[in-house]
Amino acid sequence: MESLFCRNDREIMEELGLDKPFQARIIMQNLVKGTADFNAMTSLPKAMRERLSSEYGSALSGCVIRKEEADSTVKLAVRFPDGAIIECVRLSDGSGRYTACLSSQVGCAMGCAFCRTGTMGLIRNLTAGEIVEQFALLGMLGERISHIVFMGMGEALANFTSAMDAIQELHREDGFGISMRKMTISTCGLVPGIRRLTELDIPVRLAVSLVSADDAVRSRIMRINRAYPLSELKAALMTFQHHQDKRLTLEYCMLGGVNTSRESAEELASFCRGLDALVNLIPWNPVPELGFTAPSENEIRGFERELKALRVNYTIRRSKGQGISGACGQLATETRSPCKNKP
Ligand code: SF4
């Protein structure tokens with residue numbers, strides 16, 4: 001069965017062999033409330049519940065095959081009917097705010113050298129329904145999730161239509177009702193995607209994985225920079241900001257000995273000029289096979305001092321979930337575990 005999310009009543013009726021459109025709505029209301037077990041959908045006729053349960057097992061197309069927890073971070077590995085496996089993460093800020101980090105693709109074609117997902121290559125795009133299902137599954141863990149970041153596996157702007165359809169579905173008032181202002185799309189700098197997002201004029205937030213503000217260094221680490229160098233990226237961000245008037249986040253993954261020098265700080269300050277941007281420093285999470293090193297505490301503190309002196313607006317994020325490879329740039333799938341049905 002394909003995901004039931006992002007489909008109209010008639011399509012759901014046909015998929016499940018239902019009699020009436022309101023039965024499709026009952027099933028979707030149950031899914032939004034966290035019930036995927038047809039047998040527990042008591043507003044449906046008993047015979048229908050039993051048939052659906054025996055034919056499909058669950059109202060979700062994806063099944064959780066692994067759940068890992070560390071530091072209040074929970075990571076789920078989800079397998080879809082074609083065997084594709086993705087990961088999604090629920091993050092907590094420790095004060096009761098929960099954020100869902102969703103994947104938009106199985107693997108990723110962008111090949112950023114510091115990212116574990118990049119080593120997989122692109123296996124396929126996720127459908128809008130499969131993106132929404134991750135949110136539903138993370139919600140079934142039991143806490144109310146108020147924020148969404150598209151920072152899991154894949155480049156969301158390279159799967160533009162599905163990502164936008166998922167955003168609309170997650171925003172629907174009679175569905176999950178998540179404010180678009182609480183959704184953040186992350187991109188490695190796919191300029192045509194940023195332009196399309198600008199044209200859509202929806203109030204989602206944008207985060208750009210910058211990593212370096214030096215074209216030579218960035219092109220070495222992020223292949224996207226060879227196609228869309230920093231000048232083009234900045235022009236696209238200026239236009240986005242002109243339309244949206246919202247602060248951007250520039251994710252700056254700190255790689256030991258690569259992008260933490262005084263010159264790097266000056267280049268970063270220069271890139272930020274003219275943008276209303278918050279730089280998010282993320283000390284690299286070690287992934288052994290990728291050949292980088294995490295920055296030392298001295299490097300981190302020195303870089304912070306430079307940014308302060310240059311009056312760059314920054315924050316530093318110590319990634320959570322490192323112990324379960326659920327931190328930034330660490331998602332990749334290799335599991336072959338059996339389906340556990342429920343998170
Ligand atoms: S950082 Fe993002 S865009 Fe780059 S390879 Fe990883 S998932 Fe893809």
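The values are calculated or read from the model by the stated rules, or taken from the named source; none is laboratory data. Not measured: the values here are computed from a predicted model. Every residue, glycine as well, gets a Cβ built from its backbone with ideal geometry; the counts of neighbours run over all protein chains shown.
Within the stretch 259-271, one or more residues are under 16 Å from ARG317 (Cβ atoms) and either touching a Gly at 6+ places or on another chain (Cβ under 8 Å) or without any contact (Cβ under 8 Å) to a residue 24 or more places away in the chain (or both).
Residues ALA136, ALA166, ALA213: which one is assigned to a loop (DSSP other than H, G, I, E, B), more than 16 Å from the ligand (Cβ to nearest atom) and in the same structural domain as ASP82 (by TED's automatic domain parsing)? Spell out the reasoning first.
Working: ALA136 fails: assigned to a loop (DSSP other than H, G, I, E, B); ALA166 fails: assigned to a loop (DSSP other than H, G, I, E, B).
Unique residue meeting the criteria: ALA213.
Is it the case that the stretch 105-121 has a residue that's away from the ligand (no atom under 16 Å from the Cβ), aliphatic (A, V, I, L, M) and surrounded by 22 or more Cβ atoms within 10 Å (Cβ to Cβ)? Among the residues of the stretch 105-121, not one is away from the ligand (no atom under 16 Å from the Cβ), aliphatic (A, V, I, L, M) and surrounded by 22 or more Cβ atoms within 10 Å (Cβ to Cβ), which makes the answer no. In the stretch 216-230, of all residues being farther than 13 Å from LEU268 by Cβ and free of Cβ contacts under 8 Å to residues at least 60 places away in the same chain, the one that is farthest from the ligand (Cβ to nearest atom) corresponds to ALA216.
Take ARG144 and decide whether it is within 9 Å of the ligand (Cβ to nearest atom) and either within 19 Å of GLY175 (Cβ to Cβ) or at pLDDT below 95 (or both).
Numbers: within 9 Å of the ligand (Cβ to nearest atom): no; either within 19 Å of GLY175 (Cβ to Cβ) or at pLDDT below 95 (or both): yes.
For ARG144, the condition - within 9 Å of the ligand (Cβ to nearest atom) and either within 19 Å of GLY175 (Cβ to Cβ) or at pLDDT below 95 (or both) - is not met.
Candidates ASP19, ASP37, ASP93: the one that is acidic (Asp, Glu) and at pLDDT 95 or above is ASP37.
With the stretch 224-313 as the region, which helices (runs of 4 or more DSSP H) entirely inside it contain at least 2 residues that are at pLDDT below 95 and under 26 Å from the mean Cα position of the chain (by Cα)?
On the way: elements: 224-227, 230-244, 262-272, 297-309.
By residue number, 230-244.
Please indicate, with yes or no, whether at least one residue in the stretch 13-25 is closer than 19 Å to ASP174 by Cβ and touching a Pro at 6+ places or on another chain (Cβ under 7 Å).
Yes.
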